[in-house]
Amino acid sequence: PPVTVVAIDGPAGSGKSSVSKEAARRLGFGYLDTGAAYRALAWHAVERGVDTSDSAAVLDATGDFDYAISLDPDHYWVRVGEADVTEAIREIRVTEAVSGVARVPAVRQSINAMFRAMVAGSGRPGVVVEGRDITTVVAPDAPVRILLTAAPEVRAARRSAEISGHDATAVADALRRRDTADSKVVDFLTAAEGVTVVDSTELDFEQTVDAVLGVIAEGG
Ligand code: C5P
């Protein structure tokens, strides 16, 4: 039987990753963090000293880019070749490089093909796929499509709570810069037709999970 896709898009700090992972757990579904693939490629490029503002150089770096992402919400990891990069892809140097690799169209196409293959081969009844262009590009026909949003100041506050040792203003500025760069590639701040908006501004984690599971129960 075909794998049921739950597509969830949204900006950083909306609670997208933690909520998607928890929803997958409760449903017995797989969990695919698509941002991790872009981060893994950014890590790979940075490690090799590739200038990530140079599209041709980024595309070239995909040639020997071999990565794997766990789809198990209870055992999450990301690998590039033999290296476990689960933690390393969250480093600031990677976060600052990621928009540069994500804006190359040929990179997106090959990564999207990989996502579709991973979902089809997941061995699970369904997969919660989370990112920026899942509802519109990767899985526009998914039976459930959700845009998870939150007010910018709430997103920035959540992010700085996650990242210790950096002042809140710097975190908010970095988030805004990344949103601005990413918005030029995909519009993840407005819901496409048929996409249900869940606004987590006034919700805590449990309430957001419940809201998402409610949308899924209603079939999108
Ligand atoms: O979700 P996360 O913040 O980990 O995503 C990292 C980066 O990957 C984003 O800033 C964006 O540049 C890119 N991305 C993307 N399309 C996706 C998921 C992530 O371009 N579907």
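Quick look at the values:
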quantity	calculated
Evaluation of residue 140 against (1) open to solvent by 20 Å² or more (accessible area, probe 1.4 Å); (2) in contact with a Ser or Thr (Cβ under 7 Å, 6 or more places away or on another chain); (3) more than 20 Å from residue 44 (Cβ to Cβ) (one fails), failing number	(2)
Qualifying positions in the stretch 92-117 - more than 14 Å from residue 178 (Cβ to Cβ) and over 15 Å from the mean Cα position of the chain (by Cα)	104, 105, 106, 107, 109, 110, 113, 117
Qualifying residue in the stretch 201-220 (condition: open to solvent by 60 Å² or more (accessible area, probe 1.4 Å), more than 16 Å from the ligand (Cβ to nearest atom) and either in contact with a strand residue (DSSP E or B) (Cβ under 9 Å, 6 or more places away or on another chain) or on the phi > 0 side of the Ramachandran plot (or both))	yes
Test result for residue 163, open to solvent by 20 Å² or more (accessible area, probe 1.4 Å) and aliphatic (A, V, I, L, M)	yes
Evaluation of residue 75 against (1) part of a helix (DSSP H, G or I); (2) open to solvent by 10 Å² or more (accessible area, probe 1.4 Å); (3) away from the ligand (no atom under 14 Å from the Cβ) (one fails), failing number	(1)
Counted residues, the stretch 16-37 - those being open to solvent by 20 Å² or more (accessible area, probe 1.4 Å) and within 13 Å of the ligand (Cβ to nearest atom)	4
In the stretch 97-107, residue farthest from residue 12 (Cα to Cα) [restricted to those that are assigned to a helix (DSSP H, G or I) and within 10 Å of the ligand (Cβ to nearest atom)]	107
Inter-residue pairs, beta-carbon under 8 Å, first of a type outside the set (Gly, Ala, Ser) and in the stretch 156-170, second assigned to a loop (DSSP other than H, G, I, E, B), 6+ apart	158/13; 158/15; 158/150; 159/12; 159/13
Boolean, residue 122 is in contact (Cβ under 8 Å) with a residue 60 or more places away in the chain, open to solvent by 20 Å² or more (accessible area, probe 1.4 Å) and either out of contact with any Phe, Trp or Tyr (no Cβ under 6 Å at 6 or more places or on another chain) or not in a helix (DSSP H, G or I) (or both)	yes
Candidate set: the stretch 38-72, residues that are among the polar types (S, T, N, Q) and either more than 28 Å from residue 125 (Cα to Cα) or more than 19 Å from the chain's Cα centre (by Cα) (or both); chosen: the one most open to solvent (accessible area, probe 1.4 Å)	53
Of the criteria (1) within 16 Å of the ligand (Cβ to nearest atom); (2) in a loop (DSSP other than H, G, I, E, B), which one residue 43 fails	(2)
Residue in the stretch 96-104 that is out of contact with any helix residue (DSSP H, G or I) (no Cβ under 9 Å at 6 or more places or on another chain), at pLDDT 95 or above and either within 27 Å of residue 172 (Cβ to Cβ) or buried (at least 23 other Cβ atoms within 10 Å of the Cβ) (or both) present	no
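The values are calculated or read from the model by the stated rules, or taken from the named source; none is laboratory data. Small disclaimer: the values here were computed from a predicted structure and weren't measured. For neighbour counting, all protein chains shown are included, and Cβ atoms are generated from backbone atoms with ideal geometry for every residue, glycine included. We work out accessible area using only protein heavy atoms, side chains counted, and drop any ligands, DNA or RNA first. Shrake-Rupley method; radii C 1.70, N 1.55, O 1.52, S 1.80 Å.
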